1. Measure off, as a whole percent, the carbon and sulfur share of the 1.4 Å-probe accessible area of the stretch 1-89, all protein chains present.
2. Give me the accessible area of Asp42, 1.4 Å probe, in Å² rounded to the nearest 10.
3. How would you classify the stretch 40-132 from its alpha-carbon gyration tensor, with a ≥ b ≥ c the square roots of the eigenvalues: rounded for a/c under 1.5, else prolate if a/b is greater than b/c, otherwise oblate?
4. Looking at the stretch 66-126, which chymotrypsin sites (Phe, Trp or Tyr not before Pro) are DSSP coil and have at most 10 other C-beta atoms within 10 Å of their C-beta?
5. Can you give the net charge of the other residues whose Cβ lies under 15 Å from the Cβ of Leu73, counting K and R as +1 and D and E as -1?
6. What does the charge count around Ser116 come to, taking other residues whose C-beta lies under 9 Å from its C-beta (Lys +1, Arg +1, Asp -1, Glu -1)?
7. Compare Arg17, Arg91, Arg63 by solvent-accessible area with a 1.4 Å probe and give them largest first, with all protein chains kept in place.
Amino acid sequence: MGSRNGIPMDRSEWFNRLDELAQTIKGAQAGQEIALLRLFLDLLDHAPEALLLQGLMPPPRDRIEAVLAVGALESAVLILMGEDSGFCLSRGADGTPLASVLLPYRFEETTSGGASMTLACLGALAGALNGAERRMATGAYFEIPAGTILH
């Protein structure tokens, strides 16, 4: 089980904090990326179950800090994803940066906008992880009957 300041954090509390962080990211202004990324990393470090981070492969913290030090903020977010995760970066008609993330074993992508591409990416990642709560709590969207051959 993860902990925050030495206090154990259960699954429900972790998802609540993730939801709060996702909402903060959504309303953040450019210039807040580094602080919010560090909060996101702290939350990843305290996940109560490793399964909740499926699709993410955060490198050692010093590597992320080195990437931040050279100003490669988007890269710092993208290196959190594992090889089996997908992403798409784009821009809305009004110029708003958009990012979509598809984590493995999930049935849908998560898209988020932000004041910067980094915030959009971070928001999409937080949203994708937060979406796992609903899917894991309710089970799969569909069941495959036994004996069905999938191509």
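The values are calculated or read from the model by the stated rules, or taken from the named source; none is laboratory data. As the structure is a computational prediction, the values presented were derived from the model and not from experiment. Backbone-built Cβ (ideal geometry, glycine too); neighbour counts: all protein chains shown. Ligands, DNA and RNA are excluded from the accessible area calculation, which covers all protein heavy atoms including side chains. Shrake-Rupley method; radii C 1.70, N 1.55, O 1.52, S 1.80 Å.
1. Details: 2600 of 4960 Å².
With neighbouring chains kept in place, the figure for the stretch 1-89 is 52 percent.
2. In the full protein context, Asp42 sits at about 40 Å².
3. Details: a/c = 1.93, a/b = 1.12, b/c = 1.72.
Oblate shape, in that a/c is at least 1.5 and b/c is the bigger or equal ratio.
4. Working: sites: Phe87, Tyr105, Phe107; in loops: Tyr105, Phe107.
Answer in residue order: Phe107.
5. On the way: positive: Arg38, Arg63; negative: Glu33, Glu65, Glu74.
Computed value for this residue: -1.
6. On the way: positive: none; negative: Glu33, Glu74.
Computed value for this residue: -2.
7. Numbers: Arg17 80, Arg91 180, Arg63 125 Å².
Ranked list, largest accessible area first: Arg91, Arg63, Arg17.
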